[in-house]
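The values are calculated or read from the model by the stated rules, or taken from the named source; none is laboratory data. This structure is a prediction, so every number in the text was calculated from the model and none was measured. All Cβ positions, glycine included, derive from the backbone under ideal geometry; neighbour counts span all protein chains shown. For the accessible areas, the whole protein counts, side chains as well, though only heavy atoms, and no ligand, DNA or RNA atoms are used. Shrake-Rupley method; radii C 1.70, N 1.55, O 1.52, S 1.80 Å.
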Amino acid sequence: MNVSLEWLGVLLDTKLDAGHVSHELAMLGSPVESVTRANEGLDDVIVALVERVEQHPNADRLSVCQVNNGSEVLEVVCGAPNVAAGVRYPFAPIGSVLPGGVKLKRSKIRGVQSNGMLCSAKELELGGDADGIMPLDTDAALGTKLVTALGMDDVCLDVEVTPNRPDLLCHRGVARELGAVIGRPVKLQHIPGGPGETKTLQRHDQSGTVGGLEVRIEDTDGCYRFLAAVIRGVRIGPSPDWLQRRLQSVGQRCINNVVDVTNYIMREMNHPMHAYDLDRLAGPTLIARAAAGGEKLNTLDGVERAMQSGMTMICDANGPTGIGGVMGGASSEVRVDTTNIVLEAAFFNPKRIRKTRVALQMSTDASYRFERGVDIQGMTDAFHRAVELLLTTAGGEEADNPVDIYPKPVRIPSVFLRPEQVQRVLGVEIGRDEIEKYLTALGFAVAPKDDRIAVQPPGWRPDVTRDVDLIEEIARVRGYDSFPTVLRPFRPSQVPHEPQEAVKGRARVMLTGFGLHEARSSSLGPQVGEDAQAVLNPLSMEEKFLRTDLIAGLVRAVQHNWSVKQRDIRLFEVGVVFAAQAAVRLPKETLRVAGIVTGSQHPHHWSIPNSADFDIWDVKSFLAGIAGECGPPGRIVTDEGRVTYYDQGGTVRGWAGPVTVDVPAWAAPVFGFELDLATSLRAPRSHTDLPDQPAIERDLALMLPDGISSSQVEAVIKKRGGGYLESCAVFDEYRGTDIVGRSVAWRLVFRARDKTLRDNDIDGAVDKVLRALTEQLGVQRR
């Protein structure tokens, strides 16, 4: 989407910087892919005054002009018939590079030296007129750059627009986004010389008449709304300079004042419109109906196209005159001799437009917008502005009140938002007033409803349908960079996790921590055991039974790794196994975890040159660890080289040990384990955060009389050590003939959670400990 920086600045009534705008749009989710200066090839062209015009001495159709460029008067040969003395024109001096890469050199034309060139609009790529040079209506000083004098010193931003944001396909939509973060309201520019007001729309359900033209919707599934105005007495010609510059700044070709107005409104307000020559419409009638198969239409691009059944067509009394939402027909196009026009604005079914565009293999600016969705509620504003602009640029007057055919008015439902949900999803507290400020800045209507906020999305935001969509809008306007970089705990939903999912997640975390990699094997395979359940419609006869264990699939994975010469294998799987039940048709399902290992215990590394291979004790430790966290409560029994896990009722719920498989001579033995997982989570383990304050340690060497135990001393220390005592432990003991009893050394660790301790904070506690030990146990400091 090409966006003019100057146009945005007018809508926001402020001076904008391209770099700042690019940054803000990127943070809002619409990055700017490129920034280019509009009319970049006109940098060397200046404003000059032709002071005198004389006939060329050697050519009847050439003139010799004396051109004042602001610093000197130069002689220039010109072949344009409209050159006149006392008029200002665009002038390209010697050395200038014009659009298209043409560089001017000093040359003689029919014996007369020419020191530059007076330029036409076509040579400057500012229009199609090549018959004469381009006169300038400006008071700018001679020598001023043309782009500055004409207000064309603009910057074009190529904004990336995602499919769910059709509102950003126009300048007003981009300005709304930008204004929400910079605090500027969006105001449409006053049309110079415009009438200011247009006639009120007539609302009809199915059909209506305006200026003798009948307007009707027959295909209500393809066309939801149809507006039409008749303007008589228009004069077709070039658009005003300001309008042409706006369109040219975004790469839009100017055609004539009527067509340019429809393109201008599309670029400004995102609503495609079409103008018809009223005198070329049969009836005169405009009907939005479904196409009949086989109908044909010559479109504006000069191609005859065959319509398919179901396409939405705009027709007159004789047949199709336009493809609804895609392109108009050539038979009713606005031409130089057109004097009466019909302006049409409609809302078409986006899915129907997409199918039509694909079937006809034609994509237009109109179809691009319609298939993404335009603002059906904002049509009237865009339509009135288009009529006002047409009356200003092409003249004429409205024949009657325009018609608004709207069979089934669209109502946009409100979305309810709770402030606590915003905090739950975003992880930061955002006040209710702040939430309302952000949403209001984007054009949402906000109304408080007890503990909720009722939000009415505007018509240009069809993508906002849920509370999480509103939360995303709040985050965008607040700024993603304003959120803390630390990921905080959050839970978007109040529904608790399914217990089995939590169990499986814990098992995966533990086994990956052991160094195993998760595998996924098929639930179907050959029959293993008598309780294997066959499926009614198997993919193959070789694999028609549901698996009864997980280890078989892991064995196949090991064999595949062996086939590519991989010796060190560590795999696990979490899944369901099945067992046939005689009384019921459906099999019994059991959630299990299994693992299989072979080869070296550690990955190859120079620091471990001779790593030992896995053995039964490794898989026993895996089984014990996973059973303690995720299995049913029970016990492990090791007997004759096999480990068995029993639940509290004595039922076998798991095993670990060697796995029977044909092992290549170069491979290592294979060991595995399999365990039934618990259906609910065990009580979570408590934890204490790591301290963030330094500790103070005190070592006490104590003389313990005979009969006094360390546990008695520890009890006194903990009781009298005070609130800062974090731990106490024995780190040394001494016995000898030179002392009575024994000497035991204790290390006391003191720490505060909220501050850094000093010596005087703990001296009193140490003294209390020593006094209590002496009084209660007779223990003295050594």
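Residues checked against (1) in a strand (DSSP E or B); (2) basic (Lys, Arg); (3) open to solvent by less than 50 Å² (accessible area, probe 1.4 Å); (4) touching a helix residue (DSSP H, G or I) at 6+ places or on another chain (Cβ under 7 Å):
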position: 156; (1), (2), (3), (4): yes, no, yes, yes
position: 178; (1), (2), (3), (4): no, no, yes, yes
position: 193; (1), (2), (3), (4): no, no, no, yes
position: 200; (1), (2), (3), (4): no, no, no, no
position: 221; (1), (2), (3), (4): no, no, no, no
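Working only within region 235-256, note down all residues that are open to solvent by 10 Å² or more (accessible area, probe 1.4 Å), touching a helix residue (DSSP H, G or I) at 6+ places or on another chain (Cβ under 7 Å) and of a type in the set (A, V, I, L, M, F, W, C).
Hits for region 235-256 are 236, 254.
Looking at 418, 354, 372, which is the one that is open to solvent by 50 Å² or more (accessible area, probe 1.4 Å), within 30 Å of residue 479 (Cα to Cα) and out of contact with any strand residue (DSSP E or B) (no Cβ under 7 Å at 6 or more places or on another chain)?
372
Say whether the condition of being in contact with a Ser or Thr (Cβ under 7 Å, 6 or more places away or on another chain), touching a residue at least 12 places away in the same chain (Cβ under 8 Å), not in a helix (DSSP H, G or I) and not polar (S, T, N, Q) is met by at least one residue in region 6-27.
No; the residues of region 6-27 include none that is in contact with a Ser or Thr (Cβ under 7 Å, 6 or more places away or on another chain), touching a residue at least 12 places away in the same chain (Cβ under 8 Å), not in a helix (DSSP H, G or I) and not polar (S, T, N, Q).
Out of 556, 478, 506, I need the residue that is open to solvent by 30 Å² or more (accessible area, probe 1.4 Å), over 27 Å from residue 654 (Cα atoms) and touching a residue at least 12 places away in the same chain (Cβ under 8 Å). Which one?
Checking each option against the conditions leaves just 478.
Please go through region 97-111 and pick out each residue that is part of a strand (DSSP E or B) and of a type outside the set (A, V, I, L, M).
103, 107, 108
Does residue 39 satisfy being within 30 Å of residue 160 (Cα to Cα), of a type in the set (S, T, N, Q) and surrounded by 15 or more Cβ atoms within 10 Å (Cβ to Cβ)?
yes
Out of 753, 720, which single residue is over 17 Å from residue 782 (Cα atoms), crowded, with 17+ Cβ neighbours inside 10 Å and not hydroxyl-bearing (Ser, Thr, Tyr)?
It is 720.
Any idea which of (1) open to solvent by 40 Å² or more (accessible area, probe 1.4 Å); (2) outside any strand (DSSP E or B); (3) charged (D, E, K, R); (4) in contact with a strand residue (DSSP E or B) (Cβ under 8 Å, 6 or more places away or on another chain) is the one residue 618 doesn't satisfy?
Among (1) open to solvent by 40 Å² or more (accessible area, probe 1.4 Å); (2) outside any strand (DSSP E or B); (3) charged (D, E, K, R); (4) in contact with a strand residue (DSSP E or B) (Cβ under 8 Å, 6 or more places away or on another chain), residue 618 violates only (1).
Testing residue 362 on (1) in a loop (DSSP other than H, G, I, E, B); (2) over 23 Å from residue 331 (Cα atoms); (3) open to solvent by less than 20 Å² (accessible area, probe 1.4 Å); (4) of a type in the set (A, V, I, L, M), one condition comes back false. Which one is that?
(2)
Go through (1) open to solvent by 20 Å² or more (accessible area, probe 1.4 Å); (2) free of Cβ contacts under 8 Å to residues at least 40 places away in the same chain for residue 267 and report which single condition fails.
Residue 267 satisfies all of (1) open to solvent by 20 Å² or more (accessible area, probe 1.4 Å); (2) free of Cβ contacts under 8 Å to residues at least 40 places away in the same chain except (2).
Residues being modelled with pLDDT under 90 and either more than 60 Å from the chain's Cα centre (by Cα) or closer than 15 Å to residue 701 by Cα (or both): count how many of those fall in region 745-782.
Final tally of qualifying residues: 1.
Mind listing whichever residues of region 323-352 are in contact (Cβ under 8 Å) with a residue 40 or more places away in the chain, part of a helix (DSSP H, G or I) and touching an Asp or Glu at 6+ places or on another chain (Cβ under 7 Å)?
Passing the criteria: only 332.
Can you name the helices (runs of 4 or more DSSP H) wholly within region 410-504 that have at least 3 residues being under 20 Å from the mean Cα position of the chain (by Cα), farther than 21 Å from residue 25 by Cβ and among the aliphatic types (A, V, I, L, M)?
Result: 419-426.
Do you know which residues across region 296-343 are more than 39 Å from the chain's Cα centre (by Cα), open to solvent by 40 Å² or more (accessible area, probe 1.4 Å) and of a type in the set (Asp, Glu)?
Passing the criteria: 304, 333, 337.
From the list 146, 126, which one is surrounded by 20 or more Cβ atoms within 10 Å (Cβ to Cβ) and under 13 Å from residue 47 (Cα atoms)?
146
Looking at region 424-450, which of its residues are of a type outside the set (Phe, Trp, Tyr) and open to solvent by less than 30 Å² (accessible area, probe 1.4 Å)?
Correct list: 427, 428, 430, 435, 439, 442.
Which residues, counting only those in region 516-545, are open to solvent by less than 40 Å² (accessible area, probe 1.4 Å) and under 17 Å from residue 674 (Cα atoms)?
The answer is 516, 519, 521.
Got a number for residues in region 283-303 being closer than 16 Å to residue 228 by Cα and outside any strand (DSSP E or B)?
So the first thing to find is which residues in region 283-303 are closer than 16 Å to residue 228 by Cα, and the list is 283-289.
Next, from what is left, pick out any that are outside any strand (DSSP E or B): 283-284.
The number of residues fulfilling the criteria is 2.
Here's the yes/no breakdown for (1) assigned to a loop (DSSP other than H, G, I, E, B); (2) of a type outside the set (D, E, K, R); (3) within 21 Å of residue 326 (Cβ to Cβ):
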| residue | (1), (2), (3) |
| --- | --- |
| 372 | yes, no, yes |
| 377 | yes, yes, no |
| 382 | no, yes, yes |
| 386 | no, yes, yes |
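Of all residues in region 238-275, how many are at negative phi and in a loop (DSSP other than H, G, I, E, B)? Lay out the reasoning, then the answer.
Here is the first cut: in region 238-275, the residues at negative phi are 238-250, 252-269, 271-275.
Next, from what is left, pick out any that are in a loop (DSSP other than H, G, I, E, B): 238-240, 250, 252-256, 271-272.
Within region 238-275, residues that are at negative phi and in a loop (DSSP other than H, G, I, E, B) number 11.
Mind checking which residues of region 64-89 are among the polar types (S, T, N, Q), open to solvent by less than 50 Å² (accessible area, probe 1.4 Å) and touching a residue at least 24 places away in the same chain (Cβ under 8 Å)?
Within region 64-89, 68, 69 meet the criteria.
Is there any pair with a first residue in region 354-377 that is modelled with pLDDT under 95 and a second that is open to solvent by less than 70 Å² (accessible area, probe 1.4 Å) and of a type in the set (Asp, Glu) whose Cβ atoms are under 6 Å apart and which are 6 or more apart or on different chains, and what are they?
As it stands, the answer is 354/371, since those pairs meet every condition given.
I'm told residue 403 meets every condition in (1) of a type in the set (A, V, I, L, M); (2) farther than 30 Å from residue 231 by Cβ; (3) surrounded by 15 or more Cβ atoms within 10 Å (Cβ to Cβ) except one. Can you identify the failing condition by its number?
(2)
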